[in-house]
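The values are calculated or read from the model by the stated rules, or taken from the named source; none is laboratory data. Since the structure is predicted, the reported quantities are computational estimates derived from the model, not experimental observations. When we count neighbours, we look across all protein chains shown, and the Cβ atoms used for this are built from the backbone with ideal geometry, even at glycine. Areas reflect the complete protein model, heavy atoms only, side chains present, ligands, DNA and RNA absent. Shrake-Rupley method; radii C 1.70, N 1.55, O 1.52, S 1.80 Å.
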Amino acid sequence: LCAAVPLKDMKLLDVKLGQLPSWLALRDFTPGGILGAMRRGYDRYYNKYINVRKGGLGGISMVLAGYVVLSYIWSYSHLKHDRRRKYH
């Protein structure tokens, strides 16, 4: 069988629900740790979807969809305000 992986080295999807508080306590929540995690995530995304031999539209379309969702969230309060306004 597989050797047991230390809790510190486990990915979030591999952590069981009962281990989640202990796993979160081992994370580095300093600004450098958060920036490092964001950099690793960007590198994984870039290498998986953008930096490939036979590229497709999958990675770029996900970035575009993320941009559309974020722009909607940013302008939601303005859209909500305009929704209740009567134009007659």
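Taking the stretch 2-44 as the range and being farther than 28 Å from VAL63 by Cα and small (Gly, Ala, Ser) as the test, the residues that pass are ALA3, ALA4, GLY18, SER22, ALA25.
Here the stretch 28-67 is the region considered, the condition is being among the aromatic types (Phe, Trp, Tyr) and either within 30 Å of LEU7 (Cβ to Cβ) or in contact with a Gly (Cβ under 7 Å, 6 or more places away or on another chain) (or both), and the residue that is surrounded by the most Cβ atoms within 10 Å (Cβ to Cβ) is TYR49. For the stretch 68-79, the tally of residues that are open to solvent by 100 Å² or more (accessible area, probe 1.4 Å) and of a type in the set (A, V, I, L, M) stands at 1.
When GLN19 is tested against (1) surrounded by 11 or more Cβ atoms within 10 Å (Cβ to Cβ); (2) modelled with pLDDT under 85; (3) assigned to a helix (DSSP H, G or I), just one condition goes unmet, and that condition is (2).
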